[in-house]
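Working notes for the structure below.
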Amino acid sequence: MTSMNEAFASVRALAEAVRARVAGVTDDVEVRVERADQVSYSIEGRALIPELECDAWRVAMRARRGGRLAIAATTGSSVDDAAGALLRSLSAAQPDALEDFAALHETPPDGRGWDDAAGALIDRPAQVRSLAAMMAEAARSAAPNPDLVLEGGVKVGRTWRAMATARGATVLSGSTVGSAFLMVDGNEWESLAGTAAPTEQGVRALGRGLVGGLPPREVTVAEWLGGPKEVTVIIDPRLLESLLRALFLERVGLDRVVSGLSSAAVGDVVGAPIFSLFDDSGAAGSLAGAIVDDEGTLGQRKTVVERGVLRTLLADRRSAKVAWGGASTGNGFRLPLMAEDASEAPVRVGMGHLDVPEGNTPRLKLAPGRTVLLTDLLGVHSANKATGAFNNPVQGGVALEDGVPVARLKAGAWSATGNFHAMLRALSGVSAERLHTGTATLPWVAAPVRLS
Amino acid sequence: MLNSHDAPVPRGDAAVRPALEAALRYARTKVPYADALYERVFKCEVHQLASGQRMVKPASVKGAVQIRLVGEGGRQVGVKAGDAGIETLRAAIDRGMDALAAEPADPGFGLAAIPNPSRERYGVAPTDDPRDVDPTPRLEALARAVDALAAEGATEGVRVVPELWAWEQVEEKWVADTDGIFKTQVMTIGFVQVVFRAVRGELQARTRVRFGEVGGLSQYIGSDGRFAPEVARELAAQRDVAVRLLDARTMTADELAGLTHYVLHKSALVFIHEGLGHPIEADIVRSGNSAIVAPGGEARVSPLGSSVVRIVDGSAPDGDGNPMADRGFGTEFIDDEGVEVRSAELVSGGHIVGMMHSRETAHRYGVAPTGNGFSELGDRRIVRMRNTVLCPERGDHWVESLDELLRGVALGVVLHGSLGGAVSKEGMSSSTQYGYLVRDGRLTGEIILPGNFTALTAGCLKSVDGYAGPVDSHGVGFCGKGSQLRRVTEGGPTFVRLGASPWVNLTFEG
């Protein structure tokens, strides 16, 4: 078992050793080291499948020399491998607007994302297994149909990080993750996620609530709405978060503006007056909050949208330098695309913890009459990032009659079409309740969507 | 053409082999059986973002080990370790034993035998090995060539903004077990993705094109900095389509309601992978999450498709549909359990005739493993697709040209490209990049905006009634399953025709 001090010492030692190894041949260097353990149990039908990960190291490095930027990444704890890769990359360094890396300040190891119970649970895999079994059993006991097909799982993980640049101190941080996810018959799903460990009560409630809350009847669009139709639907916070990260970021990321791919400007009306949005890359207790972002800028809370008006564009160090000649907003993240590992991914502008203030309407009362609550859409990643348009099959949702769930949406028989930017401007309701998704705290919202 | 004769030995084999063998000896003191997989990847890469920022990474290295411990009574657990050092591996085994103690007996668990156990070496030696030959000039040349191509596509008032992501990686793996199996593989894989964004004022349109194959980047760009001719043609064509899309339209409600046929270009066949491939993966079948195969292995839907439907997963096929052992972005010689990859016929004559298997699922279903057990860098080995392709039998239904295929199509749409798909139990969804309207058997030249093609798994193949052009595993992609990604392709003849039916649908963005 790895002690906290030993773990922090090991990531610090690697980061500082790489920095020292390249110091004489670079103008500046940035080294980010992660060391992680994880335990998960997947639910696959009746089976529980264990997966353990021990001592996974990831090293992400950048160096500057003569106005050029070099990039390299390795896994493993070898200084030789990491420094060797970075030194080799110097010959391929490219001209870059990024003039320096962050100057880091001495702080105690940061534990805003650390939960002791979650950290300890990783060394007790039997307990994680037990949580997964409880969740599945709770779901089955609430089901009228014994042939219920379940998939999902419970996961806990812990990560220690060190970030060092050529200037200043080495910043240390530790974080944990705990999550549970359950899907029924490949369609309806529920989840919980955060820095804390899942609890027995939590996973049982998840399993029981998911299955017990499903109406037995299912309907098609024709049966419920009389055919394809634009209606004001209620959007689940998890779907709202997916759309914000997939589509709204394309509008408010300063790197997109610098590239000419977004024309957004502070002062633009981007939402209804009932909609405000905060981004907090330093949020405590969030999987999207940390003491510093992936290039060493302090995590911070920004007002992105205030009563529908764009107040801040989100920036990393490069885009802030190019557009503003100023400081990053702490939104530089190594966001992997497709087959990239996070340590390999370029720094891109991303979102931290998202926070939308609550409204004053109970969530199921946001849209009267016959409507639907949409939990998820299949393949949001394929939505049109250039325009904000989406057109996807519905995966999970219920038909509502004046706020009362009366039927499930028949699997594979519904699709939703809309433009997320237009929807934000046309929001007609924000719920009084909010959900902490692990990376956001969001309400349910009501907006027009075409269902077919 | 690459081949697997005189397969190379992975670098560091002299150190890795004894470490794995020592770890397995240690594991054998605790359990009746264990196996180990060590994967290591050396990657060189270039990114060019829409901002113009260019990043060249000539050397990234990653690796991890997966150890599977099989105890008495079919108890089993997998552990991932960050490197192949013996101390790391012993610690991982000890942690795995803690988890194994919590596992209940599973009398049905077993692992099918690994065929050809005595052969040790597989793969092909890299040419211009990027570990020895600086790949930077080729990576920079790629970026310059894409920039030049994009600039040539600009028209009055229209900018073409390119994005590039390309890499070449040398993949090495070792598979060993406590029964004495020892196998290695070395493969080089090259990948190029270009996105063209056409920008006119506030209006934007984009296309994406990918190339991926066994072998390095030299197959796409020469040492003279010029694209291979077929690559240059395809890139220029997609660039020009992006510009044309600025003036494209959606289909009207009347046109959608009156559609008699969909014709899918080979770049738009992701539904073969999403809708038909995943539900025939034996682990998904066993879990009860397949809409078309029951957990016992019997088809829930028969026939699944029309009589001209035949689907094969394996190494990439040639133009006639015959497998080529060393071609295809999803191709390997052995899977991550040491099983030699062989083609699996999944659907024939419209009927489900086989499934894709790992060693574990092959044992459960009492069949031979098919070489579909793969892991993403030390993760648990699960059933994964490789190159999943519509490979029809020859007949009148398979013609040479699109013109022939369109005869008799009263109102149709030819759909091209996809930016990705997703699968649920009942069906799948994939974006389409653009389309062309067909009236009275002829292409009209009217270009159609991106849409969304959805298909219900249980019936979408029933209306497949014709093909045109040679088979090609064209659709280069990365398949996500659980938290793992794997390189794959899907494909088929150049064009696949489906009659309109309640099982398929096309919608457009709002």
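Exactly one condition in (1) crowded, with 21+ Cβ neighbours inside 10 Å; (2) assigned to a helix (DSSP H, G or I) is false for A:LEU182; which is it?
(2)
What about B:ALA145, is it more than 14 Å from chain A (Cβ to nearest Cβ) and either crowded, with 19+ Cβ neighbours inside 10 Å or at positive phi (or both)?
Yes: the conditions hold for B:ALA145.
Out of B:ASP147, B:ASP179, report the one residue that is of a type outside the set (S, T, N, Q), part of a loop (DSSP other than H, G, I, E, B), more than 24 Å from the chain's Cα centre (by Cα) and assigned by TED's automatic domain parsing to the domain that holds B:PHE227.
On the way: B:ASP147 fails: part of a loop (DSSP other than H, G, I, E, B).
Residue meeting the stated conditions: B:ASP179.
Return the residue satisfying two criteria in turn: it lies in the range B:286-304 and is of a type in the set (S, T, N, Q), assigned to a loop (DSSP other than H, G, I, E, B) and within 13 Å of chain A (Cβ to nearest Cβ), and of such residues it is farthest from B:LEU276 (Cα to Cα).
Residues of the range B:286-304 of a type in the set (S, T, N, Q): B:287, B:289-290, B:302.
Subset that is assigned to a loop (DSSP other than H, G, I, E, B): B:289-290, B:302.
Those left that are additionally within 13 Å of chain A (Cβ to nearest Cβ): B:289-290.
Numbers: B:ASN289: 13, B:SER290: 10 Å.
So, considering only residues that are of a type in the set (S, T, N, Q), assigned to a loop (DSSP other than H, G, I, E, B) and within 13 Å of chain A (Cβ to nearest Cβ), the one farthest from B:LEU276 (Cα to Cα) is B:ASN289.
Sort out which residues of the range B:452-510 are out of contact with any His (no Cβ under 9 Å at 6 or more places or on another chain), closer than 21 Å to B:GLY328 by Cβ and more than 14 Å from chain A (Cβ to nearest Cβ), and write them in order of number.
If the condition is that a residue be out of contact with any His (no Cβ under 9 Å at 6 or more places or on another chain), closer than 21 Å to B:GLY328 by Cβ and more than 14 Å from chain A (Cβ to nearest Cβ), then B:GLY469, B:PRO470, B:VAL471, B:ASP472, B:SER473, B:PRO493 are the ones that fit.
How about the range A:152-194: which of its residues are more than 24 Å from A:LEU48 (Cβ to Cβ) and touching a Phe, Trp or Tyr at 6+ places or on another chain (Cβ under 8 Å)? Quick ask: steps written out before the conclusion?
Restricting attention to the range A:152-194, the residues satisfying the condition of being more than 24 Å from A:LEU48 (Cβ to Cβ) are A:159-175.
Those that are more than 24 Å from A:LEU48 (Cβ to Cβ) and touching a Phe, Trp or Tyr at 6+ places or on another chain (Cβ under 8 Å): A:TRP160, A:ALA162, A:THR165, A:ALA166, A:ARG167, A:LEU172, A:SER173, A:GLY174, A:SER175.
Across the range B:286-300, which residue is surrounded by the most Cβ atoms within 10 Å (Cβ to Cβ) among those that are in contact with a Ser or Thr (Cβ under 8 Å, 6 or more places away or on another chain) and touching a residue at least 24 places away in the same chain (Cβ under 8 Å)? Walk me through it before giving the result.
Initial filter on the range B:286-300 (in contact with a Ser or Thr (Cβ under 8 Å, 6 or more places away or on another chain)): B:286, B:291-292, B:295, B:300.
With the extra rule that they be touching a residue at least 24 places away in the same chain (Cβ under 8 Å), the set shrinks to B:286, B:291-292, B:300.
Details: B:ARG286: 25, B:ALA291: 21, B:ILE292: 21, B:ARG300: 16.
This residue is B:ARG286.
Residue by residue through the range A:151-179, note down the ones that are within 14 Å of chain B (Cβ to nearest Cβ) and not in a strand (DSSP E or B). Spell out how you get there, then give the answer.
First pass over the range A:151-179, keeping only residues within 14 Å of chain B (Cβ to nearest Cβ): A:151-160, A:177, A:179.
Within the range A:151-179, no residue meets the criteria.
Looking only at the range B:99-126, count every residue that is modelled with pLDDT under 95 and assigned to a helix (DSSP H, G or I) and tell me the total.
Count: 0.
Residues that are at the interface with chain B (Cβ under 7 Å from one of its Cβ atoms), at pLDDT 95 or above and outside any helix (DSSP H, G or I): does the range A:57-67 have at least one? Even if it seems obvious, please write down each step before you answer.
Looking only at the range A:57-67, we keep the residues that are at the interface with chain B (Cβ under 7 Å from one of its Cβ atoms), and these are A:57.
Next, only the ones that are at pLDDT 95 or above stay: A:57.
Subsequent filtering for residues that are outside any helix (DSSP H, G or I) retains A:57.
Yes: one or more hits.
It is to be established whether one or more residues within the range B:294-312 are in contact with a strand residue (DSSP E or B) (Cβ under 7 Å, 6 or more places away or on another chain), small (Gly, Ala, Ser) and more than 26 Å from B:PRO502 (Cβ to Cβ). Show your work before the answer.
Quick first cut of the range B:294-312, residues in contact with a strand residue (DSSP E or B) (Cβ under 7 Å, 6 or more places away or on another chain) only: B:299-300, B:302-306, B:308-312.
Checking the rest, the ones that are also small (Gly, Ala, Ser) come to B:299, B:302, B:305-306.
After this cut, where a residue has to be more than 26 Å from B:PRO502 (Cβ to Cβ) as well, the list is none.
Within the range B:294-312 (the criterion being in contact with a strand residue (DSSP E or B) (Cβ under 7 Å, 6 or more places away or on another chain), small (Gly, Ala, Ser) and more than 26 Å from B:PRO502 (Cβ to Cβ)), the answer is no, since none of the residues qualifies.
What is the one condition in (1) farther than 30 Å from B:LEU217 by Cα; (2) surrounded by fewer than 24 Cβ atoms within 10 Å (Cβ to Cβ); (3) within 14 Å of another protein chain (Cβ to nearest Cβ) that B:LEU419 does not satisfy?
(1)
For the list (1) more than 26 Å from A:ALA72 (Cα to Cα); (2) surrounded by fewer than 17 Cβ atoms within 10 Å (Cβ to Cβ), I need the number of the one condition that B:GLY222 fails.
Of everything listed in (1) more than 26 Å from A:ALA72 (Cα to Cα); (2) surrounded by fewer than 17 Cβ atoms within 10 Å (Cβ to Cβ), B:GLY222 misses just condition (1).
Is it fair to say B:ASP224 is of a type in the set (Asp, Glu) and either in contact (Cβ under 8 Å) with a residue 12 or more places away in the chain or in contact with a helix residue (DSSP H, G or I) (Cβ under 6 Å, 6 or more places away or on another chain) (or both)?
no
Among the strands (runs of 3 or more DSSP E) lying completely within the range A:248-361, list those that include at least 1 residues that are under 16 Å from the mean Cα position of the chain (by Cα), in the same structural domain as A:ARG58 (by TED's automatic domain parsing) and more than 16 Å from A:ALA102 (Cα to Cα). Full working, then the answer.
Values: elements: A:277-280, A:301-306, A:332-334, A:347-349, A:353-355.
No strands (runs of 3 or more DSSP E) qualify here.
Can you pull out every residue in the range B:333-366 that is touching a residue at least 12 places away in the same chain (Cβ under 8 Å), assigned to a loop (DSSP other than H, G, I, E, B) and either surrounded by fewer than 24 Cβ atoms within 10 Å (Cβ to Cβ) or β-branched (Val, Ile, Thr) (or both)? Even if it seems obvious, please write down each step before you answer.
To start, the set of residues in the range B:333-366 that are touching a residue at least 12 places away in the same chain (Cβ under 8 Å) comprises B:333-352, B:354-365.
Those still in the list that are assigned to a loop (DSSP other than H, G, I, E, B) too: B:333, B:335-339, B:341-343, B:349-350, B:354-355, B:357-358.
Residues satisfying the conditions are B:PHE333, B:VAL339, B:VAL341, B:ARG342, B:SER343, B:GLY349, B:GLY350, B:GLY354.
Across the range B:36-82, which residue is nearest to the other protein chains (Cβ to nearest Cβ) among those that are of a type in the set (Gly, Ala, Ser), over 30 Å from A:SER259 (Cβ atoms) and outside any strand (DSSP E or B)?
Taking the range B:36-82 and keeping what is of a type in the set (Gly, Ala, Ser), we get B:36, B:50-52, B:59-60, B:63-64, B:71, B:73-74, B:78, B:81-82.
With the extra rule that they be over 30 Å from A:SER259 (Cβ atoms), the set shrinks to B:36, B:63-64, B:71, B:73-74, B:78, B:81-82.
When the remaining residues are screened for being outside any strand (DSSP E or B), the result is B:71, B:73-74, B:82.
Details: B:GLY71: 12, B:GLY73: 15, B:GLY74: 11, B:GLY82: 4 Å.
Here the residue is B:GLY82.
Hey, among A:ALA85, A:ALA23, which residue is more than 8 Å from every other protein chain (Cβ to nearest Cβ), of a type in the set (Gly, Ala, Ser), more than 30 Å from A:ARG129 (Cβ to Cβ) and part of a helix (DSSP H, G or I)?
Numbers: A:ALA85 fails: more than 8 Å from every other protein chain (Cβ to nearest Cβ).
Step by step, each of A:ALA85, A:ALA23 is checked, and only A:ALA23 is more than 8 Å from every other protein chain (Cβ to nearest Cβ), of a type in the set (Gly, Ala, Ser), more than 30 Å from A:ARG129 (Cβ to Cβ) and part of a helix (DSSP H, G or I).
Do we have any residue at all in the range B:10-32 that's crowded, with 24+ Cβ neighbours inside 10 Å and in a strand (DSSP E or B)?
No, every residue in the range B:10-32 fails to be crowded, with 24+ Cβ neighbours inside 10 Å and in a strand (DSSP E or B).
Which of the residues that make up the range A:415-424 are farther than 13 Å from A:GLU230 by Cα and either basic (Lys, Arg) or surrounded by 21 or more Cβ atoms within 10 Å (Cβ to Cβ) (or both)? Walk me through it before giving the result.
The initial filter retains those residues of the range A:415-424 that are farther than 13 Å from A:GLU230 by Cα, namely A:420-422, A:424.
The answer is A:PHE420, A:LEU424.
Cβ-Cβ below 7 Å, separation at least six or inter-chain, first residue in the range A:122-150 and in contact (Cβ under 8 Å) with a residue 60 or more places away in the chain and at the interface with another protein chain (Cβ under 8 Å from one of its Cβ atoms), second crowded, with 17+ Cβ neighbours inside 10 Å and charged (D, E, K, R): which pairs?
A:VAL149/A:ASP185
Of the residues that sit in the range A:375-420 and are assigned to a loop (DSSP other than H, G, I, E, B) and among the hydroxyl-bearing types (Ser, Thr, Tyr), which one is farthest from the other protein chains (Cβ to nearest Cβ)? Before you say what the answer is, go through the steps one by one.
Going residue by residue through the range A:375-420, those that are assigned to a loop (DSSP other than H, G, I, E, B) are A:375-376, A:378-379, A:383-388, A:395-396, A:402-403, A:410-414.
From the residues that got through so far, the ones that are among the hydroxyl-bearing types (Ser, Thr, Tyr) too are A:375, A:387.
Values: A:THR375: 12, A:THR387: 7 Å.
Filtering first and then ranking leaves A:THR375.
How about the range A:92-124: which of its residues are charged (D, E, K, R), farther than 30 Å from B:LYS57 by Cβ and surrounded by 19 or more Cβ atoms within 10 Å (Cβ to Cβ)?
A:ASP115
The values are calculated or read from the model by the stated rules, or taken from the named source; none is laboratory data. Only a predicted model underlies this, so the values are computations on that prediction, with no experimental measurement involved. Glycine gets a Cβ as well: all are built from the backbone with ideal geometry, and neighbour counts include every protein chain shown.
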